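Structure record follows, encoded as structure tokens.
Every number in this text was worked out from the coordinates using simple rules, so none of it is lab data. Computed from a predicted structure; not experimentally measured. Note that we place each Cβ from the backbone using ideal geometry, even for glycine, and neighbour counts take in every protein chain shown.
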Amino acid sequence: MQQLAARTNAWACYDCGKCTSTCPIVRAGATYSPRRHVLAANLGEPASSIVHDGLYVCLTCRQCDARCPVEVDYTGLILGLRQSAYDETTQPECPHGGALQSTMRLMANGGTQQDRLGWLKEDLQTDPKKGRVFYWTGCTMYYDAFFTDFDVHTLDGTRAAIKLLNALGETPIVSPEERCCGHDLLWIGDRKGFESLAKHNVDLVAKSGAEVLVTSCAECLRTWRIDYQPLIPDDFPEILHISEFLADQTEKLDLSENKQTRATYQDPCRLGRHLGVYDQPRELLEAVPGVELVEMPRSGVRAICCAGSTWSNCDRFAKKIQVERLREARDTGADVLVTACPKCQIHLKCAMNDPNIGEEISIEMRDAAELVAEALDKRDSK
Amino acid sequence: MATKDKNSWDPEIVVFACNWCSYAGADTAGVSRIQHQPHFRMIRVMCSGRIQPAFVLRAFERGADGVLVSGCHIGECHYIFGNERAIEQFEKTMSIVKMLGIEEQRLRLEWISSAEGARFAEVINEFTEQIRELGPSPFGRKRSPAKAGKGVAG
Ligand code: FES
């Protein structure tokens, strides 16, 4: 605990309470206090004592870290606390009955040949083994199969990304051997499950001989760039988000105007505050002729997250955050809410499913790559 | 547990049964002293509509070799349309199970009424045979890596 407090700079805390007052969950009305957890850590209280004090409530969105005047890494603290609580055989009751965690653990166990590429269409050029670019799909195929109740199309973003890579002359590797990155197991504290996934995945990409690893998922990206780091060998491919990969290559794509669209951009917490990628997705959108980007009042480092990043918390407060966020998006007058993480889409779409206020808060949601890929279509048909 | 000899290996099957029909059907089989394969554990739920993907996936995760989902015949659900929900949930579960590379024969949906004791025995025997043919689940041999934890309300 002392080590954790030191590593996350918790000792520097001077009790100002900025964390608690910026926490989106607290603002939505929850009885929850990051500051109390920091204090508990400094006092050396065991993680198990925090379990009943909202250990799994934190969205890990890093809003508080961004505001903390002394740079306490509260999100890192929560991660560490969850890991040590997990060792004491405690885990949260995960939303969706834990179905997604089970799916991840089944993948972690391995021993079967997944059938995860059924969505690949003939017009997409990919290779299962060799290529310069390794395109990391993430688990969008599982999400689309699971969230059938509310019109979730995260695979469209995956396909669009591959289409764009093809347009740049790349035939990316899309591997049937890919497994979940383990992000969500890690964030509920299941280090063991996470590590077996991590080892498999790092090995898979290292052996592929690719030069760049590109993904469309903000969470996968964070996991690869930060959490996999200790496992990553020296000559490992560069790890990029699709928006980073594409942002300086948009001229080569020869995009033409498709239709006039006002778009607003939802910064995924993993991409924004966790990794500091704010500009590239915006540059990418702005490169599409006909797309006008309008910002929500809270954007960039101040962006409100989708309130469900780690599949470990979903409650009325999360819903309230989502509804507020969607209202903000609607108020910009945008036709489409663009994001760069499949989970933002899933959670915000879930909120739109509300039978009472659904109409008021609904807005089309798409992945950034989809908008860009659409501007290719026009060129093809000319 | 699992040994090399296929015939001496007994599968572990999880059966989800609704309170009003299939569970009662199993009871009927028992009361009528119908012999059937014993290698399953039954989990009673109030209605098959309750059986969400998480239940089945958790069973596989914890090493089940086969999972049987059962409920009242369509039109006979105690809660009118619970088993129609069950079909939706089952289809969703099946697509994930297949994606994970688990043989689809390891998962089955059956309607068994409370009077159908003989049919219950038949389904169990047949399913057990089918699982025996497939052999142990790839997740069964090692057992699940994760210990079941005490649930804690988030
Ligand atoms: S009560 Fe038997 S299926 Fe609904």
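Observations
- At R0 = 30 Å, FRET efficiency that the Cβ-Cβ distance of residue B:115 and residue A:204 yields, to 0.05: 0.05
- When each of the peptides B:19-28, B:59-68 is scored by how many other beta carbons lie within 10 Å of its residues on average, the order from highest to lowest is B:59-68, B:19-28.
- About the centre of its Cα atoms, segment A:95-247 shows a dipole size close to 280 debye [charges on the beta carbon of Lys, Arg (+1) and Asp, Glu (-1) only; nearest 20 debye].
- Cross-link partners of residue A:129 among aspartates and glutamates (Cα-Cα below 20 Å; sequence separation of 8 or more within a chain): A:115, A:170, A:177, A:178, A:203, A:211, A:235, A:238
- Nearest 10 degrees, 0 to 90: helix A:316-331 Cα axis against chain A principal axis: 40 degrees
- Set A:199/B:98; A:319/A:349; A:207/A:252; A:163/B:98; A:199/A:343; A:319/A:343 screened for pairs whose C-alpha atoms are more than 18 Å apart: A:199/B:98; A:207/A:252; A:163/B:98; A:199/A:343
- Shielding of B:91-97 by partner chains, average beta-carbon count, 10 Å: 5
- Per-residue Cβ neighbour rank within 10 angstrom, fewest leading, A:104, B:46, B:99: B:46, B:99, A:104
- Acute angle (nearest 10 degrees) that the helix A:368-381 long axis makes with the longest principal axis of chain A, alpha-carbon atoms: 0 degrees
- Other residues whose C-beta falls under 10 angstrom from the C-beta of residue A:121 contribute a net charge of 0, scoring Lys and Arg +1 and Asp and Glu -1.
- Distance between the pseudo-spin-label points of residue B:126 and residue B:9 (7 Å out from Cα toward the beta carbon): 2.4 nm.
- Calculated FRET value between residue A:115 and residue A:43, using beta carbons and R₀ = 45 Å, to 0.05: 0.35
- Within chain A, helix-based [θ] at 222 nm, where runs of 4 or more DSSP H residues each add -39,500 (n - 2.57), nearest 500: -12000 deg cm²/dmol
- Averaged over A:105-118, number of beta-carbon atoms from partner chains that fall within 10 Å: 6
- Simple Cβ-charge dipole of chain A, Lys/Arg +1 and Asp/Glu -1, about Cα centre, in debye nearest 20: 740 debye
- Peptide packing for A:63-75, A:305-317 was compared via the average number of neighbouring C-beta atoms within 10 Å per residue; ordered from the highest value, the list is A:305-317, A:63-75.
- Legend: calculated FRET efficiency, residue A:248 to residue A:21, from the Cβ-Cβ distance at R0 = 35 Å, rounded to 0.05, equals 0.35.
- Taken about its Cα centre, chain B carries a charge dipole of roughly 800 debye when the Cβ of each Lys and Arg holds +1 and the Cβ of each Asp and Glu holds -1.
- Of all aspartates and glutamates in the structure, those lying under 18 Å Cα to Cα from residue A:18, and not within fewer than 8 positions of it along the same chain, are A:65, A:71, A:73.
- Qualifying trypsin sites (Lys or Arg not before Pro) in segment A:77-124, where qualification requires a DSSP coil assignment and no more than 16 other C-beta atoms within 10 Å, comprise A:121.
- Overall form of chain B per C-alpha gyration tensor (a/c, 1.5; a/b vs b/c): oblate
- Each principal axis of the Cα cloud of segment A:256-380 was evaluated for its coordinate range; sorted largest first, these ranges are 45, 34, 24 Å.
- The stretch between residue A:315 and residue A:87, if pulled fully straight at 0.36 nm per residue, gains 79.6 nm over its current Cα-Cα span.
- Shielding by other protein chains, B:50-57, mean Cβ within 10 Å: 5
- Value of Rg/Rh across chain A [Cα atoms, Kirkwood radius]: 0.96
- Of A:49, A:196, the sequence from fewest to most neighbouring Cβ atoms within 10 angstrom is A:49, A:196.
- Its convex hull of Cα atoms gives segment A:2-87 a direction-averaged projected area, equal to a quarter of the hull surface, of 4.7 nm².
- The reciprocal of the average 1/r between distinct C-alpha atoms defines the Kirkwood hydrodynamic radius, which for segment A:64-141 equals 16.9 Å.
- Global geometry of segment A:95-247, whether rounded, prolate or oblate, following the gyration tensor of its Cα atoms and the 1.5 cut on a/c: oblate
- Label positions at residue A:2 and residue B:42, each projected 7 Å from the Cα along the C-beta direction, are separated by 5.7 nm.
- Least to most buried among A:18, A:349 (fewest other Cβ within 10 Å first): A:18, A:349
- 0 to 90° range, to nearest 10: angle between helix A:99-109 axis and chain A longest Cα axis: 80 degrees
- Simple rule: put +1 on each Lys or Arg Cβ and -1 on each Asp or Glu Cβ in segment B:1-104, find the dipole, and look at B:74, B:54, B:101; the Cα lying farthest toward the positive end is B:54.
- Put a dot 7 Å past the Cα of residue A:279, heading toward its Cβ, do the same for residue B:76, and the two dots end up 6.9 nm apart.
- CD proxy at 222 nm, helix term only [per DSSP H run n ≥ 4: -39500 (n - 2.57); per residue of chain B; nearest 500]: -11500 deg cm²/dmol
- Rg and Dmax of segment A:194-346, Cα atoms only, in Å: 17.1, 48
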